[in-house]
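One structure is given here, and the rest of the page talks about it.
The values are calculated or read from the model by the stated rules, or taken from the named source; none is laboratory data. As the structure is a prediction and not an experimental result, all values here were calculated from the model. Using ideal geometry, Cβ is built from the backbone for each residue, glycine included, and neighbour counts are taken over all protein chains shown. Note: accessible area is taken over every heavy atom of the protein model, side chains too, but ligands, DNA and RNA are not part of it. Shrake-Rupley method; radii C 1.70, N 1.55, O 1.52, S 1.80 Å.
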Amino acid sequence: PPAPNSAPPTPPAAAAAIVAQQAADPTSALLTGAVTSAVTGVSVPAAVLEAAAAAASSTVTASLTTPEYFKQSEPREYTLPNMEQCMYTCRLLCETGNEVPSINGFPALPLERPRICKSQCMTHCGFGRPFTPGAL
């Protein structure tokens, strides 16, 4: 089993996207290292480059930033119609937008995205608030 503090393995497409992004930056440590700066003539299969381009077109939402789908779907007040409208807008933007939701800093897998979006949007729109009788 993996060590408890080790990071989960990065999918090949995501790794290729990270390396391609670093290679495009002329000040990247990837290009200034004693070993890696001397490497030339590396060939990458076309399928990996295509997957990297597809992965690079999506934005992974880090846990420290507020996603756009939250910013664009704020409930005006915690009433059921406003919360339902918030939920609809949030899920639509989360599930279909370029911004990929993340869990513990890792991007959601495509098959898990609807479930994660629903969970995050329910909390964001106020469905997870503690119930206090008589309070609004």
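Among the residues of the stretch 72-98, just one is β-branched (V, I, T) and under 16 Å from A108 (Cα atoms), namely T96. For the stretch 113-136, a tally of residues being among the basic types (K, R) and in a loop (DSSP other than H, G, I, E, B) returns 1. Name the pairs: first residue in the stretch 91-114 and farther than 23 Å from F127 by Cα, second residue open to solvent by less than 50 Å² (accessible area, probe 1.4 Å) and not in a loop (DSSP other than H, G, I, E, B), Cβ to Cβ under 6 Å, at least 6 apart or on different chains? Pairs that qualify, where the first residue is farther than 23 Å from F127 by Cα and the partner is open to solvent by less than 50 Å² (accessible area, probe 1.4 Å) and not in a loop (DSSP other than H, G, I, E, B), are P107/V100.
One residue stands out in the stretch 77-89 among those that are more than 11 Å from G126 (Cβ to Cβ) and not polar (S, T, N, Q): the one that is surrounded by the most Cβ atoms within 10 Å (Cβ to Cβ), namely Y88. Report yes if some residue within the stretch 91-99 is surrounded by 11 or more Cβ atoms within 10 Å (Cβ to Cβ) and in a strand (DSSP E or B); otherwise report no. Among the residues of the stretch 91-99, at least one is surrounded by 11 or more Cβ atoms within 10 Å (Cβ to Cβ) and in a strand (DSSP E or B), which makes the answer yes. Looking at this structure, is Q72 at pLDDT 85 or above and open to solvent by 50 Å² or more (accessible area, probe 1.4 Å)? Yes; evaluated as a whole, the condition is true for this residue.
Evaluated against (1) part of a loop (DSSP other than H, G, I, E, B); (2) open to solvent by less than 100 Å² (accessible area, probe 1.4 Å); (3) not β-branched (V, I, T), P110 falls short on exactly one condition, (2). Scanning the stretch 106-128 turns up at least one residue that is among the hydroxyl-bearing types (S, T, Y) and modelled with pLDDT of 90 or more.
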